[in-house]
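The structure appears below as structure tokens.
The values are calculated or read from the model by the stated rules, or taken from the named source; none is laboratory data. Every value quoted in this text rests on a predicted model; they were computed, and no experiment measured them. Cβ coordinates were reconstructed from backbone atoms using ideal geometry, including for glycine residues, and neighbour counts include every protein chain displayed. Please note that ligands, DNA and RNA were not included when accessible areas were found on the heavy atoms of the full protein model with its side chains. Shrake-Rupley method; radii C 1.70, N 1.55, O 1.52, S 1.80 Å.
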Amino acid sequence: MYNVAIVGATGNVGRKFLEILQQRDFPVKNLYLFASKRSAGKTLSFKGKDYLIEETCEANIKDKKIDYALFSAGGDASKEFAPIFAQYGAVVIDNSSAWRMDPDVPLVVPEVNPEDIKLHTKKGIIANPNCSTIQAMPIMKALNDKYGIKRIVYSTYQAVSGAGMQGIKDLEDGIKGAQPKKFPYPIAGNVLPHIDVFLEDGYTKEEEKMIKETRKILHEPDLRVTATTARVPVLNSHSESINVELNSKFEIEDIFELLRNTEGVTVYDDTKELKYPTALEVSGKDDVYVGRIRRDFSVDNGVNLWVVGDNIRKGAALNAIQIAEKMIAQDK
């Protein structure tokens, strides 16, 4: 049994941590909930018991002997408090972008690169990738291992839940005609080709994350990757059109078979029956769903894929908990 802390317990991902820990019957001995000073004193329920939320500060951390600290409190909080939790013996699994590109912090999708988990000993921190990166990785890993990848083109259609509770509120309020507070333009009835801040090269930070994280997770520092990320008026689950140019020739039937046998992936593709993954269908599911699998005839060895994943579940909370589960299994 393990002492588990959730940092950022009142947010979308924090609440999803609680839900998934219960669903998967994670071996929790003692549970500690942390959030901002504003939320301290409130309670959240876990397995029928109410737990007090404490302010995230060193005084509330140091005596608890925490084994795993699941973070979803934003980058600033992670930079400040992840080292403190690690200092007092916890393994921090962080959902923010604060540590992802740190060379001493592993960036892990458990189905893809579990061997990297052992690198956490350098800082006591493991980084959860970006939600849009996570759902692509099991498929990219399988294709890269069998055929080698020459180039990836990501085009994403990302749900408002990825922007937090205010993102959801902007969509709900926008349907009623109210002006947005989170997004620069109305999201209701709209598509915004803009997630996170713009960089000097014209890309957004979200696009840069997908490019750099893909290279780090696949251990392919020179892989040719590009991305365009867009916010769409969908409550939950991110959709991605992924165009992949492979190094080796392939038969399309073999791609289907490969992905059917890939851990964490469900192939849902039958055009005659109009079967393909949708955000509504995949919301609440653990697996990443892939469909519209077809050859790209415009290049040698090209394949097009439509990939959908629950961004709060697999794209955040579940991936972090699976990392902890993998660590427990590796220790046995």
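Modelled this way, with points 7 Å down the Cα-to-C-beta line, the labels at ARG24 and TYR185 are 3.8 nm from one another.
Tally up the carbon and sulfur contribution to the accessible surface of the chain as a whole percent, 1.4 Å probe, everything protein left in place. Please report the intermediate quantities before stating the final value.
Values: 7250 of 15250 Å².
Answer for the chain: carbon and sulfur cover 48 percent of the accessible area.
Semi-axes of the equivalent ellipsoid of the chain are 33, 24, 19 Å, computed as sqrt(5λ) over the eigenvalues of the C-alpha gyration tensor in descending order. Per-residue Karplus couplings for segment 284-293, computed as 6.51 cos²θ - 1.76 cosθ + 1.60 with θ equal to phi - 60°, are listed in order as x, 8, 7, 6, 8, 10, 10, x, 6, 7 Hz, Gly and Pro entered as x.
Would you mind checking LYS64/LYS212; LYS141/LYS169; LYS212/LYS272; LYS150/LYS216; LYS182/LYS205 for any pair whose Cα atoms are more than 26 angstrom apart? Listed pairs above 26 Å: LYS64/LYS212; LYS141/LYS169; LYS212/LYS272.
Evaluated at q = 0.22 Å⁻¹, a Debye calculation over the C-alpha positions of segment 1-68 (equal weights, vacuum) places log10 I(q)/I(0) at -0.94.
Packing-wise, with mean Cβ within 10 Å as the measure, how do 104-116, 242-254 rank, highest first? Provide the component values of the computation, followed by the final result.
Details: 104-116: 20.7, 242-254: 14.6.
Order by mean packing, descending: 104-116, 242-254.
Given R₀ = 22 Å, FRET efficiency for ASP50-ASP76 by Cβ-Cβ distance, to 0.05?
Working: r = 29 Å, r/R0 = 1.30.
Once rounded, the FRET efficiency stands at 0.15.
Using the alpha-carbon positions of segment 24-183, Rg (one decimal) and Dmax (whole number) come out as 18.6, 54 Å. Of all DSSP bridge pairs formed entirely within the chain, close to 50 percent run antiparallel. For segment 235-332, a simple Cβ point-charge model (Lys and Arg +1, Asp and Glu -1, everything else neutral) yields a dipole of about 220 debye relative to the Cα centre.
Seen from a random direction on average, the alpha-carbon convex hull of segment 200-332 projects onto 10.7 square nanometres. Ranked from largest, the principal axis spans of the Cα set of segment 283-332 equal 48, 25, 12 Å. Residues of segment 51-77 with the amide nitrogen closer than 13 Å to a label point 7 Å from the Cα of VAL197, along Cα-to-Cβ, please. Flagged as within label range: 75-76.
With the alpha-carbon atoms of segment 133-182 aligned to their principal axes, the span from lowest to highest coordinate is 50, 16, 13 Å, starting with the largest.
Between ALA40 and MET1, the modelled labels are 2.8 nm apart [label points 7 Å from Cα along Cα→Cβ].
With one equal scatterer per alpha carbon and no solvent term, the Debye-computed log10 I(q)/I(0) for segment 165-231 at 0.20, 0.22, 0.28 1/Å reads -0.80, -0.88, -1.12. Any idea which of PHE17, ALA279, ALA142 is furthest toward the positive side of the dipole for the chain, if Lys and Arg beta-carbons carry +1 and Asp and Glu beta-carbons -1? Positive-most Cα among the choices belongs to PHE17.
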